[in-house]
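I have placed the structure first, in the form of structure tokens, so that the comments after it can refer back to it.
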Amino acid sequence: MKKKVLALSLSGLMAFGGYVSVPNSVGAVGEGPNYGGNESIQTSILHTYNDLVDFLKTQDAKQDAMKLEVIGQTVKGRDIYLAKYISNPSNPTILYLTQQHGNEQLTTEGALEFIKHLGTNKMKGVLDHVNILVVPMLNADGAMGDVNFSLDDYAADGGRHLTRYNAVGADLNRDHVAKIHPETQALHNNVLKKYKIDYMIDLHHQGTQSEVDGKYASGSILYPTNRNVKPEVLERSKKLGAVVFNAIDSKGWGNIGKYNGGSEETIGRNGAAVQYDISTLLFEMRGMSDHNYESYVLGQKSNGYLIKQTITTLDATTRAIADGSIEKVDTSFWNTLPTQTTRPSGEEETE
């Protein structure tokens, strides 16, 4: 039987119009509470698909630099949106992709905050030197729990469940070669092939039991690992990772490890790098918004930190690409970055 739990609001952690404000403490992310059946996992505090669409349309109306495009539809017919900031086609371009897996939504919450941030004076001049593409919810059917299979064993309350898979039970992050599913087709045909993209960060969530140096990891990163990735594409990917690591590590509240991921081209970071020469980075944040495995679901007291971790990632990489500092970043940290491990009591899911 699904556990029923008490409500807990995230409203105090998500302050749109400014960065999320949280104390500087490694423990707040690294030792954030796991879901153990004794606290709330409330999906009602997350943007629904309709909320997201309303938010994007509002920002599109407010921001001159932003253009909103529908790139396709999900299995259930929901429009898939792309937010575009293209000031000069010759500028370097970065794509931020969230929610290939519908139950990994805190990265989407951070991406929406970042989109609003792009319309403020804090980014004055930056958008003149970099183009930004954001797909903030690729798997909207999974995010809304509108699927053709049962979610009765999932942990969350709040009006809906969120699942990794699309409406017909497919893992979209294993569909980047065959491109069978409409969500993946939309991404490839109307984004990856259409725009000249230099960099991509594919934002995900992992389970809660990964650790680095004996402490829970707030996230993990990895460049493309397929053998067919060109050396120069791989090197730029490592530079992208260096920017992210330096930005998070300098804050003092994150604990980042190297992800132990697969090399198959079917995975997004590998497929984009091989097929389009896009330098890619996977970022796996800690904990999922919903799942039927308790060890994958994170207690909500860490949500604000993980949203801030996403915003920091997007802001730092945008600025580094815009000012060219990404070209000079030192990638040697990859040689000593520990590969995260899983605590014996937990089980982890691959990207």
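The values are calculated or read from the model by the stated rules, or taken from the named source; none is laboratory data. As the structure is a prediction and not an experimental result, all values here were calculated from the model. For neighbour counting, all protein chains shown are included, and Cβ atoms are generated from backbone atoms with ideal geometry for every residue, glycine included. Note: accessible area is taken over every heavy atom of the protein model, side chains too, but ligands, DNA and RNA are not part of it. Shrake-Rupley method; radii C 1.70, N 1.55, O 1.52, S 1.80 Å.
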Quick check on HIS176: is it more than 15 Å from the chain's Cα centre (by Cα), under 22 Å from SER237 (Cβ atoms), in a loop (DSSP other than H, G, I, E, B) and at pLDDT 95 or above?
yes
How many residues, within the range 306-340, are assigned to a helix (DSSP H, G or I) and more than 25 Å from VAL126 (Cα to Cα)?
4
Is it the case that LEU337 is open to solvent by less than 10 Å² (accessible area, probe 1.4 Å), hydrophobic (A, V, I, L, M, F, W, C) and closer than 12 Å to SER220 by Cα?
no
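Hand me the list of strands (runs of 3 or more DSSP E) wholly inside the range 204-279 holding 1 or more residues that are under 18 Å from ALA320 (Cβ atoms).
Those strands (runs of 3 or more DSSP E) span 219-222, 256-258.
Looking at LYS301, LYS308, can you tell me which residue is modelled with pLDDT under 95, touching a Pro at 6+ places or on another chain (Cβ under 8 Å) and either farther than 16 Å from ASP249 by Cα or open to solvent by 20 Å² or more (accessible area, probe 1.4 Å) (or both)? Walk me through it before giving the result.
On the way: LYS308 fails: touching a Pro at 6+ places or on another chain (Cβ under 8 Å).
Only one candidate qualifies: LYS301.
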If GLU264 meets every condition in (1) closer than 24 Å to THR225 by Cα; (2) open to solvent by 30 Å² or more (accessible area, probe 1.4 Å); (3) at pLDDT below 95; (4) not hydroxyl-bearing (Ser, Thr, Tyr) apart from one, which number is that one?
(3)
What number of residues within the range 189-203 satisfy the criterion of being assigned to a loop (DSSP other than H, G, I, E, B) and either among the acidic types (Asp, Glu) or touching a Lys or Arg at 6+ places or on another chain (Cβ under 8 Å) (or both)?
1
Scanning the range 176-230 for residues that are of a type in the set (S, T, N, Q), open to solvent by less than 10 Å² (accessible area, probe 1.4 Å) and within 17 Å of ASN255 (Cβ to Cβ) gives GLN206, THR208, SER210, SER218, SER220
From the options ASP79, ASP60, residue that is open to solvent by less than 60 Å² (accessible area, probe 1.4 Å), of a type in the set (Asp, Glu), out of contact with any Phe, Trp or Tyr (no Cβ under 7 Å at 6 or more places or on another chain) and more than 20 Å from HIS181 (Cβ to Cβ)
ASP60
Working only within the range 159-172, note down all residues that are small (Gly, Ala, Ser) and either surrounded by fewer than 18 Cβ atoms within 10 Å (Cβ to Cβ) or not in a loop (DSSP other than H, G, I, E, B) (or both).
GLY159, GLY169
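What are the residues in the range 239-261 that are open to solvent by less than 10 Å² (accessible area, probe 1.4 Å) and modelled with pLDDT of 95 or more, if any?
Residues of the range 239-261 open to solvent by less than 10 Å² (accessible area, probe 1.4 Å): 240-242, 244, 248, 253, 257.
Within the range 239-261, LEU240, GLY241, ALA242, VAL244, ILE248, GLY257 qualify.
Looking at this structure, is ALA186 hydrophobic (A, V, I, L, M, F, W, C), assigned to a loop (DSSP other than H, G, I, E, B) and modelled with pLDDT of 95 or more? First the steps, then the outcome.
On the way: hydrophobic (A, V, I, L, M, F, W, C): yes; assigned to a loop (DSSP other than H, G, I, E, B): no; modelled with pLDDT of 95 or more: yes.
Spelling it out, it is not the case that ALA186 is hydrophobic (A, V, I, L, M, F, W, C), assigned to a loop (DSSP other than H, G, I, E, B) and modelled with pLDDT of 95 or more.
If I ask for residues that are part of a loop (DSSP other than H, G, I, E, B) and among the aromatic types (Phe, Trp, Tyr), which ones from the range 93-150 would you list?
Within the range 93-150, the first condition is being part of a loop (DSSP other than H, G, I, E, B), and the residues that meet it are 99-105, 119-120, 124-125, 129-130, 136-139, 144-150.
Within the range 93-150, PHE149 is the sole residue that qualifies.
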Only one of ASN246, ASN260, ASN270 is touching a residue at least 24 places away in the same chain (Cβ under 8 Å), among the polar types (S, T, N, Q) and closer than 17 Å to HIS205 by Cα. Can you tell me which?
ASN260
Would you confirm, using the coordinates I've provided, whether ASN292 is closer than 26 Å to ASP153 by Cα, open to solvent by 10 Å² or more (accessible area, probe 1.4 Å) and not in a strand (DSSP E or B)?
yes
Go through (1) touching a helix residue (DSSP H, G or I) at 6+ places or on another chain (Cβ under 7 Å); (2) in contact (Cβ under 8 Å) with a residue 24 or more places away in the chain; (3) closer than 27 Å to TYR276 by Cα and name the single condition ASP128 misses.
(1)
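Results for (1) among the aromatic types (Phe, Trp, Tyr); (2) at pLDDT 80 or above; (3) farther than 25 Å from ASN121 by Cα, shown as yes or no for each residue.
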site	(1), (2), (3)
MET14	no, no, no
GLY27	no, no, yes
GLY32	no, no, yes
ILE45	no, yes, yes
Test: GLY214 is among the small types (Gly, Ala, Ser) and on the phi > 0 side of the Ramachandran plot
yes
